[in-house]
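Visitor: Please see the structure below; I have some questions.
The values are calculated or read from the model by the stated rules, or taken from the named source; none is laboratory data. Treat the numbers as computed from the prediction; the structure is a model and nothing was measured. Cβ: placed from backbone, ideal geometry, glycine included. Neighbour counts: every protein chain shown. In case anyone asks, the SASA skips ligands and DNA or RNA and just uses the protein heavy atoms, side chains included. Shrake-Rupley method; radii C 1.70, N 1.55, O 1.52, S 1.80 Å.
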Amino acid sequence: MSESYKIVVGLEIHVHLATRSKMFCGCELSYGQPPNTRVCPVCIGMPGVLPVMNRTAFEYAVLTAMALHCQIASFTKWDRKSYYYPDLPKNYQISQYDLPIGRDGYIEIPEEGGGTKKIRIRRVHLEEDAGKNIHDLGGYTAVDLNRAGAPLLEIVTEPDMNSPAEVRAMAEELRRIVRFLGVSEGDMQKGHMRFEPNVNLHIRRGGQVFKTPITEVKNLNSFRALEKSIAYEAHRQYEEFLETGQTLQMGNKKTFGWDDVQEVTVLQREKEEAHDYRYFPEPDLVPVRLTAEQIKELESRLGELPLQMQKRFETQYGLIAYDAGVLTAERATAEFFDRTVRLGAEPKRVCNLLTQVGLKIANELSVRVDQLRMTPESLAKLAKMTEEGLVSATSANQIFEQIAREGGDPEAIAKERNLIQSSDSGQIEALVDAVIAEQPQAVQDVVQESKKAKKALGFLMGQVIQKSGGQANPKIVSQILQAKLDALKNP
Amino acid sequence: MEWTVRSIRDRVASGKLQSREAVERFFARIEKIEPQVGAFLTLLKETALEQAAKVDEKIASGRPLGPLAGVPVAVKDNLCTTFGPTTCASRMLENFISPYNAHVIEKLLAADAVIVGKTNMDEFAMGSSTENSGLKKTCNPWDISRVPGGSSGGSAAAVAARMCAAALGSDTGGSIRQPAGFCGVVGLKPTYGRVSRYGLVAYGSSLDQIGPITQTVEDAAVLLNVIAGHDPRDSTCVSEQTAPVPDYTAGLETPLEGLRIAVVESFLEGIQAEVQQAIEEALRLYQKLGARLVPIQMPHFEYAVSAYYVIATAEASSNLARYDGVHYGYRSPRAGSYIEVYSKSRDEALGAEVKRRIMLGTFALSSGYYDAYYLKALKVRNLIRNDFTRAFEQADCLMMPVSPTTAFRFGEKTADPLQMYLADIYTIAVNLAGVPAVSIPCGLDRQNLPIGLQIVTAPFTESMLLRIARMFEKSTQWHSCMPDIAK
Ligand SMILES: [Zn+2]
């Protein structure tokens with residue numbers, strides 16, 4: 001009897017927004033500062049304090065919801081979600097319940113083979129983060145509230161993903177989008193993104209489909225853990241189904257954690273607790289209205305999305321998917337590339353210069369590509385010089401590096417560093433003649449179109465360029481050499 | 001009126017009275033009277049003298065003076081101060097010192113007021129008699145066997161006994177107006193959003209509003225001038241563009257011509273006879289002054305108490321969740337686990353009425369009950385708001401009693417919380433609608449207990465409200481009646 005199963009995954013994602021201050025107070029956002037040094041009466045829930053909404057965080061949330069093609073609520077409000085936990089100073093979290101900022105959208109993710117797939121987005125809402133309980137203090141638990149009140153974007157998808165790789169692709173695409181929009185640094189090491197997949201299997205047996213109980217895996221903060229935990233869960237659930245035959249029912253959802261060392265999921269809660277968060281509208285904050293003009297203004301800030309841009313680079317500029325992907329990992333890089341190409345430079349050459357030299361130096365200096373001293377204008381000029389054979393590809397890399405660090409004009413630098421290639425055909429002809437005279441064996445191989453013809457031609461080219469001290473323009477050398485050899489073939 | 005806000009300020013500003021003298025004079029009275037009344041949870045003589053010294057220095061150096069220069073003011077103990085504890089009359093916060101000053105405290109200090117102490121109240125402002133204080137008993141200065149009203153009972157008693165020139169209270173369902181009525185002083189609850197709540201320890205966030213308790217209507221205007229206005233730290237506090245803050249003392253003495261007073265006949269039925277008579281007397285006086293009575297209906301008024309006790313307790317159950325023994329406040333020494341830190345700390349430090357309201361509110365917000373209680377209460381709230389809107393289309397103000405009786409005896413109503421809740425019928429609807437209202441003295445009953453008249457007007461019309469109140473005050477002497485204890 002044939003039996004097959006389909007993995008079904010929905011994701012809940014928390015993204016830390018890159019605002020300067022917290023969601024409802026003026027405290028600076030903190031990563032790695034000493035505990036409880038980024039706090040004020042508001043975010044530690046002192047008596048009598050009131051929240052004030054961070055407008056930038058709200059706009060970031062709207063931008064993200066727009067990028068995820070959501071319906072944007074023109075009227076939203078805040079709600080209190082009640083639960084007791086030491087890292088939640090007020091014992092309620094300010095969140096959004098029935099009127100999220102965005103709903104019913106989708107994210108387009110790249111598929112293997114070049115296509116794309118749409119994953120539906122159920123909702124996008126904004127809330128404040130909790131603090132952190134620190135347990136390893138020997139008998140005591142301490143609470144660090146530096147993170148309490150940080151703006152947190154929650155994104156919930158429909159269960160539209162069907163493989164660990166697809167879930168990873170979704171997570172990576174979302175990261176690329178939030179980084180592209182500049183609403184989050186998306187730094188996984190700093191915990192800027194946390195994933196909680198809901199996983200189950202649809203098992204086909206005979207003519208019937210059996211659905212396994214859903215498990216939620218809590219608090220994953222790397223793509224690797226996300227992908228691995230889903231693969232593990234799929235396997236575990238299938239085994240469990242074979243053993244117990246248990247299927248999805250109300251209330252039999254389980255909660256698991258992920259053991260990064262053993263690479264296994266660990267049961268945390270057998271049955272889903274009947275949480276009653278007692279949501280009600282936050283009376284200390286006023287509802288937020290977005291006018292049509294405000295929505296328009298935000299839309300105008302949205303720009304082209306990374307996947308769109310990647311596809312455009314592939315079709316319009318003829319780049320391969322890998323190169324287009326590297327260029328669109330960051331908005332700054334993508335725009336720099338696009339501007340340079342629009343100035344008339346050859347895309348592949350610009351791509352090579354940017355990805356091989358530009359990104360390397362930017363990374364070294366911990367800046368964006370557009371913060372280097374290289375401008376799209378200079379890069380276009382440099383690419384053209386390379387194209388026309390004025391400088392070699394290797395020289396172009398050196399010139400790029402110098403400009404990136406110190407600034408300057410590519411032509412001036414090429415002259416100054418004596419990197420201009422000779423295009424004087426008379427001079428090159430003399431060198432070609434000399435080499436033909438000196439290398440009869442290689443010439444013969446070419447003329448007789450022997451097996452070694454190609455190799456021999458390359459060798460002769462190299463000899464000419466060597467004789468010129470690396471100054472001869474390879475294009476011209478090739479033209480002249482080819483013409484002379486052709487003449488020898490057909491005397 | 002020798003020791004009103006206005007007269008003290010004028011004398012201090014003109015150099016006839018040193019701020020220090022004023023403070024010492026009031027502390028001398030406090031020493032004499034306070035043991036019988038018990039209005040204060042904390043006396044702040046030391047900081048008060050420092051604040052007074054600053055004022056005297058300002059005068060000596062000829063620098064400009066604030067509108068409350070040298071005026072001794074008391075503040076309810078749910079207003080956060082960095083000097084002295086802020087207890088909310090709860091064992092939970094008995095030793096709590098706030099790291100910041102409430103917006104209104106900053107405003108008082110900036111106006112050169114002198115803060116003499118923090119006054120007693122019902123625990124977390126939940127109550128109508130101050131009997132729910134977890135820390136102290138406050139007596140009505142007119143009869144120490146009776147309650148001062150609540151929850152701002154300490155503030156009203158302190159002003160009535162002239163232990164301070166004026167005080168600040170907070171009003172969620174009548175907590176300024178009812179004690180002011182019971183103690184024979186003026187109590188003003190401004191429009192919701194008129195005064196910043198930043199630093200007011202929250203009870204019912206959508207209902208709470210800070211206001212003055214004073215000896216005269218003019219003093220209420222002077223204090224409102226100081227505390228009203230936008231504060232970016234309170235999102236529910238309205239902007240200057242929406243509702244500019246006028247000078248509330250300007251035009252105060254000009255009577256309103258052709259004043260139309262809305263009256264609901266049924267409001268005067270079934271209440272203490274002397275209260276009814278006093279209100280009717282007041283209405284006749286207004287008519288003599290040229291006003292016209294407009295009989296109206298408030299069809300949804302009768303649901304106000306029920307709606308209030310759902311909304312206020314729902315908000316309270318959430319607002320008070322933070323008092324858990326984890327970050328500050330009382331922590332039970334008997335707690336074994338972290339769950340016990342919550343349960344035992346709250347069980348041991350919160351009073352019966354606070355627990356009752358937390359449970360009521362928690363229930364009202366629970367899944368399966370939300371629609372039937374909380375959502376329905378919000379609908380009632382809207383209907384009540386509409387009742388007021390319609391009333392103010394027909395009339396300039398609404399007049400009614402503050403409470404159905406004068407001050408009652410200790411313990412008289414504690415056994416039956418529902419009776420206590422129902423006594424707030426006339427004040428509660430005003431908070432649900434968010435409109436401003438004032439309570440002014442309008443008589444004394446046979447037992448020499450003050451009776452209060454309540455006047456209500458449309459949102460952000462405090463200027464008119466105070467002018468209407470001043471018309472009555474000008475034509476009567478009730479505001480100058482003092483309890484024997486204060487003489
Ligand atoms: Zn803060």
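Visitor: With the contact rule set at Cα under 8 Å and sequence spacing of 6 or more, what percent relative contact order holds for region B:1-142?
Guide: 28
Visitor: Could you order the peptides B:291-304, B:182-195 from most to least packed, using the average number of other C-beta atoms within 10 Å per residue?
Guide: So the peptides B:291-304, B:182-195, ranked by packing, come out B:182-195, B:291-304.
Visitor: Net charge around A:SER378, counting only other residues with Cβ within less than 10 Å of its Cβ (Lys, Arg = +1; Asp, Glu = -1)?
Guide: My count for the surroundings of A:SER378 gives -1.
Visitor: Buried by at least 40 Å² relative to the chain on its own: which residues of region B:228-253 qualify, computing accessible area with a 1.4 Å probe on protein heavy atoms?
Guide: Residues meeting the cut-off: B:SER235.
Visitor: For region A:248-368, just the Cα set please: Rg and Dmax, both in angstrom.
Guide: 23.9, 63
Visitor: Just to confirm the filter: which chymotrypsin sites (Phe, Trp or Tyr not before Pro) across region A:126-235 are DSSP coil and have at most 15 other Cβ within 10 angstrom of their Cβ?
Guide: Passing sites in region A:126-235 are A:TYR140.
Visitor: Against the longest principal axis of chain A, how steep is helix A:425-438, in degrees 0 to 90 to the nearest 10, with axes from Cα atoms?
Guide: It works out to around 80 degrees.
Visitor: Let me ask another. Across peptide B:195-208, how many C-beta atoms of other chains are within 10 Å of each residue C-beta, on average?
Guide: The mean count of partner-chain Cβ atoms within 10 Å per residue comes to 3.
Visitor: Just need log10 I(q)/I(0) for region A:306-416 at q = 0.10, 0.13, 0.17 Å⁻¹, Debye formula, equal scatterers on the alpha-carbon atoms, no solvent, rounded to two decimals.
Guide: Evaluating at q = 0.10, 0.13, 0.17 Å⁻¹ gives log10 I(q)/I(0) of -0.25, -0.42, -0.72.
Visitor: Could you bin all the Cα-Cα distances of region B:366-437 into 10 Å bins starting at 0 and give me the percent of pairs in each, rounded to whole numbers?
Guide: Final binned percentages: 16, 36, 31, 16, 1.
Visitor: Calculate, in nm to one decimal, what A:VAL209 and A:GLN439 gain on full extension: separation in residues at 0.36 nm each, minus their alpha carbon distance.
Guide: 75.3 nm
Visitor: Moving on to the next point. Can you give me the pair-distance distribution of chain A, C-alpha pairs, 20 Å bins, whole percents?
Guide: 19, 40, 25, 14, 2, 0
Visitor: Taking all protein chains as present, what is the carbon and sulfur share of the accessible area of chain A, in % to the nearest whole number, probe 1.4 Å?
Guide: Carbon and sulfur together cover 49 percent of it.
Visitor: Let me ask something additional. May I ask you to order A:181-189, A:449-457 by the average number of other C-beta atoms within 10 Å around their residues, highest value first?
Guide: Output ranking for A:181-189, A:449-457: A:181-189, A:449-457.
Visitor: Would you check the accessible area of B:GLU131, probe 1.4 Å, heavy atoms only, in square angstrom rounded to 10?
Guide: Ignoring ligands and nucleic acids, B:GLU131 comes out at about 50 Å².
Visitor: Once the Cα gyration tensor of region B:176-231 is found, what semi-axes does its equivalent ellipsoid get, as square roots of 5 times the eigenvalues, in whole Å, sorted largest first?
Guide: Its equivalent ellipsoid spans semi-axes of 20, 15, 7 Å.
Visitor: In what sequence, highest mean first, do B:210-216, A:224-230 appear when ranked by Cβ atoms within 10 angstrom?
Guide: Per-residue Cβ counts within 10 Å, averaged per peptide and sorted highest first, yield B:210-216, A:224-230.
Visitor: I'd like the antiparallel share, as a percent to the nearest 5, of DSSP beta bridges with both residues in the protein assembly as shown.
Guide: 85
Visitor: Moving on to the next point. Report relative contact order for chain B in percent, whole number only (criteria: Cα-Cα under 8 Å, sequence separation at least 6).
Guide: It rounds to 18 percent for chain B.
Visitor: If I fit a long axis through the Cα atoms of helix A:453-467 and take the longest principal axis of the Cα atoms of chain A, what angle between them do I get, 0 to 90°, rounded to 10?
Guide: 80
Visitor: Given a 1.4 angstrom probe, what's the average accessible area per residue across region A:425-489, in square angstrom?
Guide: 58
Visitor: On average, how much area does the Cα convex hull of region A:425-489 cover when viewed from any direction, in nm²?
Guide: For region A:425-489, averaging the hull's shadow over all directions gives 3.7 nm².
Visitor: In addition: Tell me the carbon and sulfur percent of the accessible area for chain B, rounded to whole percent, probe radius 1.4 Å.
Guide: Here carbon and sulfur together make up 52 percent of the probe-accessible area.
Visitor: Could you state how much accessible area B:CYS397 has, in square angstrom rounded to the nearest 10, with a 1.4 Å probe and all protein chains kept in place?
Guide: Ignoring ligands and nucleic acids, B:CYS397 comes out at about 0 Å².
Visitor: I'd like the Karplus ³J(HN,Hα) series for region B:128-137: coefficients 6.51, -1.76, 1.60, θ = phi - 60°, whole numbers in Hz, and an x wherever there's a Gly or Pro.
Guide: Values, residue by residue: 10, 8, 6, 5, 7, 4, x, 10, 7, 9 Hz.
Visitor: How big is the dipole moment of chain A about its Cα centre under a simple scheme where the beta carbon of each Lys and Arg is +1, that of each Asp and Glu is -1, and everything else is neutral? Debye, nearest 20, please.
Guide: Dipole of chain A, to the nearest 20 debye: 300 debye.
Visitor: Hey, another quick one. Going out from 0 in 10 Å bins, what whole percent of all Cα-Cα distances in region A:92-245 drops into each bin?
Guide: 9, 31, 33, 20, 6, 1
Visitor: Restricting things to alpha carbons, find the Rg to Rh ratio for the protein assembly as shown using the Kirkwood radius for Rh.
Guide: 1.15
Visitor: Between their Cα atoms, which of A:LYS6/A:LYS77; A:LYS190/A:LYS228; A:LYS118/A:LYS218; A:LYS360/A:LYS415; A:LYS311/A:LYS451 are more than 31 Å away from each other?
Guide: Beyond 31 Å between Cα atoms: A:LYS6/A:LYS77; A:LYS311/A:LYS451.
Visitor: While we're here: Once the cut-off is 44 Å, how many percent of the Cα-Cα pairs in chain B end up in the long-distance tail?
Guide: 8
Visitor: Given H placed on each backbone N at 1.01 Å, which residues far from B:PHE460 in sequence or on other chains put an amide H within less than 5 Å of it?
Guide: The answer is B:THR191.
Visitor: B:ARG91 versus B:ILE339, label points 7 Å from Cα toward the beta carbon: distance in nm?
Guide: 2.4
Visitor: Above 20 angstrom, tally the Cα pairs of region B:355-487 and express them as a % of all pairs, no decimals.
Guide: Result for the distance tail: 60 percent.
Visitor: Among DSSP bridges having both ends in region A:3-292, what percentage is antiparallel? Round to the nearest 5.
Guide: Antiparallel bridges: around 95 percent, rounded to the nearest 5.
Visitor: Shifting gears a bit: Just the Cα atoms of region A:1-40: what Rg and Dmax do they give in Å?
Guide: For region A:1-40, the Cα radius of gyration and maximum Cα-Cα distance read 20.6, 65 Å.
Visitor: Whole-Hz Karplus ³J(HN,Hα) for region A:472-488, in order, using 6.51 cos²θ - 1.76 cosθ + 1.60 and θ = phi - 60°, x for Gly and Pro?
Guide: After applying 6.51 cos²θ - 1.76 cosθ + 1.60, I find 6, 5, x, 4, 6, 4, 4, 4, 5, 4, 4, 4, 5, 5, 4, 4, 5 Hz.
Visitor: A further question on this structure: For region A:77-132, state the average projected area of the convex hull of the C-alpha atoms over all orientations, rounded to one decimal in nm².
Guide: 5.5
Visitor: Related question: With charges only on Cβ, +1 for K and R and -1 for D and E, what is the dipole size of the protein assembly as shown about its Cα centre, in debye, rounded to 20?
Guide: With Lys and Arg at +1 and Asp and Glu at -1, about 360 debye.
Visitor: Pull up the DSSP beta bridges for chain B and report the antiparallel fraction as a percent, rounded to 5.
Guide: Counting only bridges with both partners in chain B, antiparallel ones make up about 65 percent.
Visitor: Determine the per residue accessible area of region A:3-292 with all protein chains present and a 1.4 angstrom probe, expressed in square angstrom.
Guide: 42
Visitor: Here's something else I'd like to know. Could you grab the Rg to Rh ratio for region A:375-491? Cα atoms only, Kirkwood for Rh.
Guide: Rg divided by Rh gives 1.09.
Visitor: Using a simple charge model, +1 on the beta-carbon of Lys and Arg, -1 on the beta-carbon of Asp and Glu, nothing else, what dipole does chain B show about its Cα centre, in debye to the nearest 20?
Guide: In total the dipole reaches around 360 debye.
Visitor: Further, regarding this structure: Could you work out the mean projected area of the convex hull around the alpha carbons of region A:3-292, in square nanometres to one decimal?
Guide: Taking the Cα atoms of region A:3-292, their convex hull projects to 17.4 nm² on average.
Visitor: Averaging sequence separations of C-alpha pairs under 8 Å and six or more residues apart, then dividing by the length of chain A, give the relative contact order as a whole percent.
Guide: Taking the mean separation of contacting Cα pairs over the length of chain A, I get 13 percent.
Visitor: How big is the B-A contact in terms of buried accessible area, both chains counted, 1.4 Å probe, rounded to the nearest 100 Å²?
Guide: 2700
Visitor: Using R₀ = 51 Å, calculate the FRET efficiency as 1/(1 + (r/R₀)^6) where r is the Cβ-Cβ separation of A:ARG373 and B:ARG63; round to 0.05.
Guide: 0.35
Visitor: So, for region B:79-161, what is the accessible surface per residue at a probe of 1.4 Å, expressed in square angstrom?
Guide: Dividing the accessible area of region B:79-161 by its residue count gives 21 Å².
Visitor: Let me ask another. Would you work out which of B:ILE59, B:LEU422, B:LEU293 lies farthest towards the positive end of the dipole of chain B? Charges go on Cβ: Lys and Arg +1, Asp and Glu -1.
Guide: Towards the positive end, the residue furthest out is B:ILE59.
Visitor: At 1.4 Å probe size, what's the solvent-accessible area of B:THR82? Round to the nearest 10 Å².
Guide: Here the accessible area works out near 70 Å².
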